[in-house]
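Below: one structure, written as structure tokens.
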Amino acid sequence: MKQNRNLVLIVLFIVLSLLVGFTAGRFYRINLPLAGLKMLRTEQNKINEVLNVIATNYVDTVDVKRLTEGAVAEMLNDLDPHSSYIPAAEVETANEDLESSFSGIGISFNMPDDTILVISIISGGPAEKAGLMPFDKIITVDDSIIAGKKLNQNKLVRMLRGPKNSKVVLGIKRGNSNDLAEFELTRGDIPNTSVDVFYKVADDIGYIKVSKFARSTYSEFLTAIAKLKEQGVKGFIIDLRDNPGGYMEAAIYMINEFLPKGDMIVYTEGKAYTRMNTHSNGKGTCQDVPLVVLINELSGSASEIFSGAIQDNDRGLIIGRRSFGKGLVQTKLPLSDKSELLLTIARYYTPSGRCIQKEYELGNAEEYSMDLNNRYMHGEFYSADSIKMNDSLVYKTTGGRTVYGGGGIMPDIFIPRDTVGITSYYSNVINTGVLYQFSLVYSDIHHDELNKFGDYHKLYEYLKSQPLINEFADFAASKGIKKRPVLIDISKKLIENQLHAYIIRNFFDYEGFYPIFLKDDATLNKAVEVIRNGNWKP
């Protein structure tokens, strides 16, 4: 997508995001055979012995619990890059992002400066019931002043979320008023959606954006399909770009909608994990419709299960760039203190028999996390010719096409990153967040005027008539980004498109955002083209 067309800084951001946990794509299995546990008794005693010696004889008092936590985490670090240790205090929130709901107040917010700005209110949630409104500013939470403190956003989320039925008091500043109004909210269940948007992208073609594979993804997906069919849609584009994975079961159920009875979807196998085959049951509602799946370098795990099954069964086309390459299966193992191990127990294989897990070295997560940076530096994001597939890992689809194992899903049609309009000025305003900040500030200042439009199409037409690029350049200059008229002119189309999309999102959420944001997207446009021309079948 065009917003990702930045250079080294965005690649570094990708790498950092992977360092903090590309462990989605988890497959939970309750009854795991604990083979070999008795054989480890001597080693376990040795660990306990060392800790006891330190606690008893070390010159200073030590925190044995802290030493134990560190030792366990270090042991997991010596395994594959996706095995990890989850301390007891973090278990509750570790998988919250993949559940169907969480307990909170029902707002989305951002911090353009140092104060929380409410962007949208979830319908039927506690915030709506209490009377909060978009573009309210949250000054206090209970007895704590949070405005002007530049607090970490994760900390703010923890302050706003909490146990169901617990209460929180917010101090709100609204509009130009200098008064602080207090609102008491009772936290409740907030839906956690993963199908970001679905809409009729062209003629009888439907587009569905899936951002993760969560507990409720399959039901959301079925709803999207049903509503699009009501609109006359007869072909589907499933966008899994930037989708890191999630629950494997959700991906399996979704794949089943597109395959005839008996087709292999995926199989898993490990040293202590008996091979498990999964086939389609023939009850899918979209077995004959045209299908295209979009992927990129941040499509991982369950996204690769989905695209691999479609590709290996010659069911549809895969368009985009080579996927991440995560073919390891994790399970949660609870420990006695309520902490958990997220342990790799198996590999998953696509129908042709390939494991798309990329190479890794035990205990070397740092090198593993640099893979995307290496791909970028090697030119892979811009040229398919720079990608060297492993000729020793050749497999065949059901139709006899050649596919490769050992490093992600290679798309049937490669679409490079588009560099048209990219300048150093554009990269600067994207990487510093200034472009997004402007969209928030502009929406706040002009809220009453922009909020009167009944649909995003009308708001879009209005925004196109406004001198946004000039106002934005002035705003960016006030943030220390020097005006560069020549570079601004080169990047004008890109900047305006993103300004329009982000401002519209503040009023119409993703339903208005994606149709504008993706209107010139090369990958999506190619998908529409192949379905229109009847070339979607491999």
## Note on the structure
Among (1) open to solvent by 10 Å² or more (accessible area, probe 1.4 Å); (2) not in a loop (DSSP other than H, G, I, E, B), residue 536 falls short only on (2)
### Tally of residues being out of contact with any Leu (no Cβ under 8 Å at 6 or more places or on another chain), of a type outside the set (A, V, I, L, M, F, W, C) and over 30 Å from residue 341 (Cβ atoms) across segment 74-128
10
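Do we find a residue being modelled with pLDDT of 90 or more and either under 30 Å from residue 222 (Cβ atoms) or of a type in the set (A, V, I, L, M, F, W, C) (or both) anywhere in segment 154-167?
As a first pass, look at segment 154-167 and keep what is modelled with pLDDT of 90 or more: 165-167.
Next, from what is left, pick out any that are either under 30 Å from residue 222 (Cβ atoms) or of a type in the set (A, V, I, L, M, F, W, C) (or both): none.
No, the conditions are met nowhere in segment 154-167.
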### Summary
Within segment 243-255, residues open to solvent by 20 Å² or more (accessible area, probe 1.4 Å), in contact with a Ser or Thr (Cβ under 8 Å, 6 or more places away or on another chain) and either of a type in the set (Gly, Ala, Ser) or free of Cβ contacts under 8 Å to residues at least 60 places away in the same chain (or both) come out as 252
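Can you go through 529, 461 and tell me which one is open to solvent by 30 Å² or more (accessible area, probe 1.4 Å), under 30 Å from residue 258 (Cβ atoms) and free of Cβ contacts under 8 Å to residues at least 24 places away in the same chain?
Working: 461 fails: under 30 Å from residue 258 (Cβ atoms).
Within the list 529, 461, the selection yields 529.
Going through segment 422-435 one residue at a time, which ones are touching a residue at least 12 places away in the same chain (Cβ under 8 Å) and either within 12 Å of residue 135 (Cα to Cα) or open to solvent by less than 50 Å² (accessible area, probe 1.4 Å) (or both)? Explain how you work it out, then say what you get.
Residues of segment 422-435 touching a residue at least 12 places away in the same chain (Cβ under 8 Å): 422-432, 434-435.
Selection gives 422, 423, 425, 426, 427, 429, 430, 434, 435.
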### segment 62-105, subset of a type in the set (D, E, K, R) and in contact with a strand residue (DSSP E or B) (Cβ under 6 Å, 6 or more places away or on another chain), residue modelled with the lowest pLDDT
96
### Task
Could you list, in sequence order, all residues of segment 59-91 that are in a helix (DSSP H, G or I) and open to solvent by 80 Å² or more (accessible area, probe 1.4 Å)?
65, 66, 74, 75, 77, 89, 90
### Message
For a quick check of your reading: which helices (runs of 4 or more DSSP H) sit entirely within segment 451-521 and have at least 2 residues that are touching a Gly at 6+ places or on another chain (Cβ under 9 Å)?
### Response
456-464, 485-517
## Note on the structure
When residue 322 is run through (1) within 30 Å of residue 234 (Cα to Cα); (2) in contact with a strand residue (DSSP E or B) (Cβ under 7 Å, 6 or more places away or on another chain), the failure sits at (2)
### Task
Go through the residues of segment 270-281 one by one and say whether even a single one is among the basic types (Lys, Arg) and over 18 Å from residue 353 (Cα atoms).
no
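Quick check on segment 182-204: of everything there that is of a type in the set (A, V, I, L, M) and out of contact with any Leu (no Cβ under 9 Å at 6 or more places or on another chain), which residue is modelled with the lowest pLDDT?
Looking only at segment 182-204, we keep the residues that are of a type in the set (A, V, I, L, M), and these are 185, 190, 195, 197, 201-202.
Within this subset, residues satisfying the condition of being out of contact with any Leu (no Cβ under 9 Å at 6 or more places or on another chain) are 190, 195, 197, 202.
Details: 190: 83, 195: 96, 197: 97, 202: 93.
Once the filter is applied, the top-ranked residue is 190.
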### Query
List, please: which pairs have Cβ atoms under 6 Å, are six or more places apart or on different chains, and start with a residue in segment 126-153 that is crowded, with 16+ Cβ neighbours inside 10 Å and end with one that is of a type in the set (S, T, N, Q)?
126/186; 134/120; 137/115; 147/115
### Task
Run residue 299 past the list (1) crowded, with 24+ Cβ neighbours inside 10 Å; (2) not in a loop (DSSP other than H, G, I, E, B) and report the number of the one that doesn't hold.
(2)
### Entirely in segment 310-413, the strands (runs of 3 or more DSSP E) that have 1 or more residues that are exposed (fewer than 14 other Cβ atoms within 10 Å of the Cβ)
328-334, 394-396, 402-404
### Query
If you go through segment 253-279 one residue at a time, how many are within 14 Å of residue 315 (Cβ to Cβ) and not in a strand (DSSP E or B)?
10
## Note on the structure
All-but-one check, residue 282 against (1) at negative phi; (2) part of a loop (DSSP other than H, G, I, E, B), failing number (1)
### Task
May I ask you to list the residues in segment 168-192 that are buried (at least 19 other Cβ atoms within 10 Å of the Cβ) and basic (Lys, Arg)?
187
### Message
I'd like to check something: does segment 125-140 contain any residue that is modelled with pLDDT of 85 or more, farther than 30 Å from residue 220 by Cβ and of a type outside the set (Ser, Thr, Tyr)?
### Response
yes
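The values are calculated or read from the model by the stated rules, or taken from the named source; none is laboratory data. Please read all numbers here as calculations on a predicted model, not as lab measurements. Note: ideal-geometry Cβ built from the backbone for every residue, glycine included; neighbour counts use all protein chains shown. Surface accessibility is based on the protein's heavy atoms, side chains included, excluding ligands, DNA and RNA. Shrake-Rupley method; radii C 1.70, N 1.55, O 1.52, S 1.80 Å.
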